[in-house]
Amino acid sequence: MEGTQVEPPRWYGVVKPEAPPRACEVRGSSQWGEIMECNQEKLLKKCTCTYPGCIRKGKCCECVAYHRRKNQLPGCFFPPEIERTYDRSYRRFVACQKGGE
């Protein structure tokens, strides 16, 4: 419809995360906010994934999309000792947050 403004995405009941360290550079802006461009060199240095041969290492958007399709979270959401188990389940994440690992 002409003249209809699209609502930006909202964070329902969730604390909006802090801005990431500038591993991604601002390219411009849109009606929803900044448009980011990944700096894969910086992201690769900060990536905590230990999965051998991971093709998404340093490509956060691809990693998040991949794990989301599998109903998982990326390894960087977990402490190092849990990340190395490759159990990326929501259940494991909640247990880690509660201290029950």
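The calculated FRET efficiency for Tyr86 paired with Glu37, based on their beta-carbon distance and R0 = 22 Å, is about 0.15. Here the peptides 56-66, 77-87 are ranked by packing, the mean other Cβ count within 10 Å, and the order with the highest first is 56-66, 77-87.
For the pair Cys76 and Tyr51, label points projected 7 Å from Cα toward Cβ lie 1.4 nm apart.
Here, each number is a calculation from the coordinates, and none is a lab measurement. Since the model is a prediction, treat every value here as computed from it, not as a measurement. As a convention, Cβ positions derive from the backbone with ideal geometry for all residues, glycine included, and neighbour counts pool all protein chains shown.
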